[in-house]
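The values are calculated or read from the model by the stated rules, or taken from the named source; none is laboratory data. A quick note: this is a predicted structure, and the numbers were derived from the prediction, not measured. Neighbour counts run over all protein chains shown; Cβ positions are idealised from the backbone, glycine included. Quick note on the areas: whole protein, heavy atoms, side chains included, nothing else; ligands and nucleic acids left out. Shrake-Rupley method; radii C 1.70, N 1.55, O 1.52, S 1.80 Å.
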Amino acid sequence: YLCPHTRYPRKQTIMSAKDHTKLSREKCERLWRTAQAVCFDVDCTVTKEDALDSLGRFLGVGDQVADLTNAAMDGNLDLDEALQKRLDIMNPTIDKLIAYAKSNPAEERLVPGIRRLITELQARNVEVFLISGGFRELILPVADALNIPRENIFANRFVYMASDKVGPNGYPEIHAKGFDANEPTSREGGKPEAIRRIRTLNPYNTIVMVGDGITDLEAVEQTGGADMFVGYGGVVERSYVKENADWWITSHDELTDAIPKLKVAMVGSGAWACAAMQMVSKNARETPLFDKRVDMWVFEEDYEGGKLTDKMNELKENPKYMPGVKYGDNVVANPDLVDTVKDADILIFCTPHQFVHKLCMQIQLNIKDNCIAISLIKGMRVRHDGPQLISTMVRRILHMECSVLMGANIATELAPGTLCEGTVASHFPEHGTIFKSLFDTSFYNVNVINDVEGAELAGTLKNVVAVAAGFVDGCELGHNAKAAVLRQGLSEMRTFAKRIFSTVRDETFNESCGMADLFATCCGGRNRMVSMAFAKCKGQKTFDQLESELLNGQKLQGVLTSNEVQAVLKMKGWEKDFPLFTAVNAIVQGMYEPKDIARYRDLAAKPVVDETFVNTTR
Ligand code: NAD
Ligand code: 13P
Ligand code: MG
């Protein structure tokens, strides 16, 4: 019998769905949410028309070519036979192919919604492939228009042949006479074969095939093929495909809307947390990858007769810790820690480092599966076996991967229109990409590296050097002395980091998280400011007093970190190798005066207790 829209008899060998049981809608949505690769058929799935049909029309043989295309897509004609027959009818010259491509720009060939779908998949690090029974030459402009790398295209290749006829340029005319039969897409079973090849090169767990034709449905019917088939009926509706597709759609928007958005939550609401929230809230509002709403946990306190959280939700700023800085209307301040984190796919940690351990313990049982974290915290914890980075603590207590964001970032200076940089360090490149999407803006440029330990230790240790810089400035020792302290500080930061983690790279210290942060903090940071005040008051006030007088609740990290670093140096017997760190700690502990930073080498070599300046710190 004849198929409704072709003159070719239905083949008896049409594949059955016996190897693949049609999936429930719930299972489809679950697989879609976790797909690592999505393969699209091209003709009538990504583009509005079959390229060979439109080429046939361009060449004046449209109807004959279209009949053959439909027969192949409905499963009534072998693919290779259909390809050859259509080529024989069209017999295109290279000049005609070029003229066709010029008069049919890729942009105009795309079906509605496909660009949005592919852009959002790529933003989520889902790899997109094109697997087509059409020809590579006709697909390349489409792939370029959708930012799909050319190595992700599986398609047929023309085989060209010179004819006896001489063309207008005086050379023999070159015709696309046939196709390369080695390409899997030129024959039955080509799509599952292409997917099997993708699997051999990539460790994807879940691969989805989207298409309109029977050859696309075939992708789930063979071992090693796709895990799910989405039938697309936005251009042509083929009843067999509609019946057997795991999930049938008529608009790509249905798939786009089913891509889960990443929910972001911030633990912390101090100065840097609120400043950094400007980037996070902007990107959550503007990037489809993220849920627009961002939750921020607030350590609740009374503020002007009410609660700080209420005031923050009214003003969309933190009037105590970052007054005047609007962090974004899409941010919701929440005093309940568990409630803030429980639905998050991405957790940002940004509190003073001394509070993180306790906070992690409180949310240990409330973290969503697959949640990932990033720490903006500069500091560490000392355990009996050595220092523990905050990212390691998060990883250990919460069983989730934790990246870091460090950089030359004075919170009060960050604002649209200014220039600021940061370093994201992630062990997994795909996490780095997500965090770049979350933090990078026109006013905050992010560079991604993989040296998490180097970046985090650089950010942590520079706070100790900033204390030294404050002593230099407070005692008016001059620029030469300050430069000497910064140089020695950078050297000790790098040596310490490399001794603790052999994987730490020198290059990390050239990033924003390295010498740039050291410079910014030693010029304009709070550690430098309070240490300068400490030096100026000549032992009349402790660091604790100065912290509360000068910082209005903000927390100093440098003094605590100096004590923590010194505990590690003692534990390892390394004090003499780190004379600047050791001298800073001796001054912080009241064993010497701030002006003694100028002779830091002597202090570390033979500690002398100066009796006029005894333990005025804590
Ligand atoms: P901050 O110094 O403003 O600290 C105050 C915050 O701590 C407030 O939100 C307060 O509510 C909270 N807090 C007080 N007691 C608490 C408790 N017991 N438990 C939990 N929270 C409590 O904070 P910040 O500037 O956002 O700093 C956070 C981290 O970011 C630090 O590690 C810091 O080194 C780093 N950092 C700061 C800056 C900056 O310029 N401020 C820049 C880059 C990195
Ligand atoms: P302070 O905590 O010294 O202000 O340093 C902030 C900072 O980390 C700048 O990058
Ligand atoms: Mg198709």
Legend entry - Matching helices (runs of 4 or more DSSP H) fully within region 237-339 where at least 3 residues are at pLDDT 95 or above and within 16 Å of ligand 2 (Cβ to nearest atom): 271-286
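Here are some residues: ASP227, ASP216, ASP246. Which one is acidic (Asp, Glu), closer than 26 Å to THR185 by Cβ and within 16 Å of ligand 3 (Cβ to nearest atom)?
Working: ASP227 fails: within 16 Å of ligand 3 (Cβ to nearest atom); ASP246 fails: within 16 Å of ligand 3 (Cβ to nearest atom).
Just a single option satisfies the conditions, and that option is ASP216.
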Inset, instruction - Could you check, for region 68-76, whether at least one of its residues is surrounded by 23 or more Cβ atoms within 10 Å (Cβ to Cβ) and either modelled with pLDDT of 90 or more or closer than 20 Å to PHE129 by Cβ (or both)? - result: yes
Inset, instruction - May I ask you to verify whether ALA373 is within 13 Å of ligand 1 (Cβ to nearest atom) and either more than 24 Å from ASP440 (Cα to Cα) or in contact with a helix residue (DSSP H, G or I) (Cβ under 9 Å, 6 or more places away or on another chain) (or both)? - result: no
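For the structure I just gave you, tell me whether GLN545 is assigned to a helix (DSSP H, G or I), more than 16 Å from ligand 3 (Cβ to nearest atom) and farther than 19 Å from MET591 by Cα. Let's see the steps before the verdict.
Working: assigned to a helix (DSSP H, G or I): yes; more than 16 Å from ligand 3 (Cβ to nearest atom): yes; farther than 19 Å from MET591 by Cα: no.
Answer is no for this residue.
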Inset, instruction - List the number of the failed condition for GLY225; all other conditions in (1) modelled with pLDDT under 95; (2) farther than 23 Å from GLU29 by Cβ; (3) surrounded by 21 or more Cβ atoms within 10 Å (Cβ to Cβ) hold. - result: (2)
Inset, instruction - Select from region 575-586 the residues that are within 39 Å of the chain's Cα centre (by Cα) and open to solvent by less than 40 Å² (accessible area, probe 1.4 Å) and list them in ascending order. - result: PHE578, LEU580, PHE581, THR582, VAL584, ASN585
Inset, instruction - Among residues belonging to region 120-140 that are surrounded by fewer than 18 Cβ atoms within 10 Å (Cβ to Cβ) and at pLDDT below 95, point out the one that is nearest to ligand 3 (Cβ to nearest atom). - result: GLN122
Legend entry - Meets criteria (open to solvent by less than 10 Å² (accessible area, probe 1.4 Å) and closer than 20 Å to SER375 by Cα) for MET279: yes
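Residues that are more than 16 Å from ligand 2 (Cβ to nearest atom) and among the acidic types (Asp, Glu): which strands (runs of 3 or more DSSP E) entirely in region 140-217 hold 1 or more of them?
On the way: elements: 153-156, 158-166, 172-179, 207-211.
Of the strands (runs of 3 or more DSSP E) lying wholly inside region 140-217, those with at least 1 residues that are more than 16 Å from ligand 2 (Cβ to nearest atom) and among the acidic types (Asp, Glu) span 158-166, 172-179.
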Inset, instruction - Considering each residue of region 421-440, count those that are farther than 11 Å from VAL404 by Cβ and open to solvent by 10 Å² or more (accessible area, probe 1.4 Å), and give that number. - result: 9
Legend entry - Long-range neighbours under 9 Å by Cβ, at least six apart or interchain, first residue open to solvent by 10 Å² or more (accessible area, probe 1.4 Å) within region 397-409, second assigned to a loop (DSSP other than H, G, I, E, B) and within 15 Å of ligand 1 (Cβ to nearest atom): ALA408/CYS420; ASN409/LEU376; ASN409/CYS420
Inset, instruction - Please name all residue pairs, on different chains or six or more residues apart, with Cβ atoms under 6 Å, provided the first residue is in region 584-599 and is modelled with pLDDT of 95 or more and the second residue is polar (S, T, N, Q). - result: VAL584/SER562; ASN585/SER562; ASN585/GLN566; VAL588/SER562; VAL588/THR617
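I'm checking my understanding of the structure. Among residues of region 378-415 that are hydrophobic (A, V, I, L, M, F, W, C) and closer than 17 Å to GLN278 by Cα, which one is farthest from ligand 2 (Cβ to nearest atom)?
Going residue by residue through region 378-415, those that are hydrophobic (A, V, I, L, M, F, W, C) are 380, 382, 389-390, 393-394, 397-398, 400, 402, 404-406, 408, 410-411, 414-415.
Next, from what is left, pick out any that are closer than 17 Å to GLN278 by Cα: 405-406, 408, 410-411, 414-415.
Details: LEU405: 11, MET406: 8, ALA408: 5, ILE410: 5, ALA411: 7, LEU414: 10, ALA415: 15 Å.
Among them, the one singled out is ALA415.
Hey, could you check region 19-57 for residues that are assigned to a loop (DSSP other than H, G, I, E, B) and free of Cβ contacts under 8 Å to residues at least 24 places away in the same chain and say which is nearest to ligand 1 (Cβ to nearest atom)?
Filtering region 19-57 down to residues assigned to a loop (DSSP other than H, G, I, E, B) leaves 19-24, 35-36, 41-42, 44-46, 48-50.
Narrowing the set further to residues that are free of Cβ contacts under 8 Å to residues at least 24 places away in the same chain leaves 21, 24.
Values: THR21: 52, SER24: 45 Å.
That would be SER24.
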